[in-house]
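To start, the structure under review is shown below, and the notes come after it.
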Amino acid sequence: MKVNFYLLVFIVFCINTRITAQNCICTGKEEWKGNRVILDSNVKKTDPYNSIIKFTVKRWYHFFHDGFSGTGSFIKENIIVTAKHNIINKGITKISYSIGGENIVLKKKDFKVFLYKEKNKGVENDIAIIKITNPNKYVRNVTFFKYLNNYELNNKRLHLTGFPCDSKGELIEKNALYSTIKINDRNTIIGYPMYTCQGDSGTPLWYKDEDGYFVIGVHHGGNENIIGFVEQKLNVAAFFNKNVISWLNKHSN
């Protein structure tokens, strides 16, 4: 029994050590790196940036480090949308984030996690939502991103705004004209010429028009050598097509 206990401790230690040792990995052409902009504290308080959060997921076996970090954004007062791979593993005990200058800690009873096409992997399925069970207690003044069944993207400038691992916690803005992006034939993946890093996962891909701010996808990361995206070294997001919108509506009510 004592041997089994020490073996378990050793395994958990190895898991935590391996996780902690991960480096900050970035993808995209080096020339795109200079197109990133650090947003100052005043801008971060304005729409829609005040609805974009850096969150940390803590699991029961995270004894020796603070957990995994990712980016998410509010699409309703109690709904945070992010990348599935940020929160796919079981054993989550709490999720913490900062909003409006206040640090929020969601314990297990305070949230539910829903995964898009839970058993399916791939860029196009890398979407999840965190549903806060008591938004009046945990959500402050933010402007929520909107989303639509049909987007008119011609001549739009698309923005990707998140917390990459090389930014030391700063909110970083990246953008590109619609003419430079690529959407696959099935309308499930969208690629863009932007330099991104770990920590950007779950970042909203959005645009502005006269009706507000609209999110059209969540950042996955590198292009996974997918034909049509790898040739130009585009980074990619899961696109909010009609199926995704239907799923979001189902779990947002």
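Applying 0.36 nm per residue to the separation of N23 and K117 and subtracting their alpha-carbon distance, the gain on full extension is 30.9 nm. Over the Cα atoms of segment 157-252, the radius of gyration divided by the Kirkwood radius equals 0.96; this is the Rg/Rh ratio.
Pairs exceeding 22 Å between alpha-carbon atoms, taken from K54/K119; K45/K84; K112/K174; K45/K168: K54/K119; K45/K84; K112/K174. Taken along its three principal axes, the alpha carbon spread of the chain comes to 66, 44, 37 Å, from the longest extent down to the shortest. Spin-label pair S179-N253: with each label point 7 Å from Cα along the Cα-Cβ axis, the two points sit 4.2 nm from one another. Per-residue 3J(HN,Hα) values for segment 174-185, derived from phi via the Karplus relation 6.51 cos²θ - 1.76 cosθ + 1.60 with θ = phi - 60°, read 10, 8, 7, 6, 4, 5, 9, 9, 9, 10, 5, 5 Hz in sequence order (x marks Gly and Pro). Ranked by how many other Cβ atoms sit within 10 Å of their own Cβ, fewest first, the residues R59, R186, R157 fall in the order R186, R157, R59. Among D211, D47, D110, a tally of other beta-carbon atoms within 10 Å of each Cβ gives an order, fewest to most, of D211, D47, D110. Were the residues from R186 through E210 laid out at 0.36 nm apart, the gain over their Cα-Cα distance would be 5.8 nm.
A straight Cα-to-Cα reach below 17 Å connects K90 with the aspartates and glutamates D66, D110, E118, D126, residues fewer than 8 places away in its own chain not being considered. Among T56, T196, the order by Cβ neighbours within 10 angstrom, fewest to most, reads T56, T196.
None of the figures in this text is laboratory data; all of them are computed from the coordinates on show. The shown structure was predicted, so the numbers you read here are calculated from the model rather than taken from an experiment. Backbone-built Cβ (ideal geometry, glycine too); neighbour counts: all protein chains shown.
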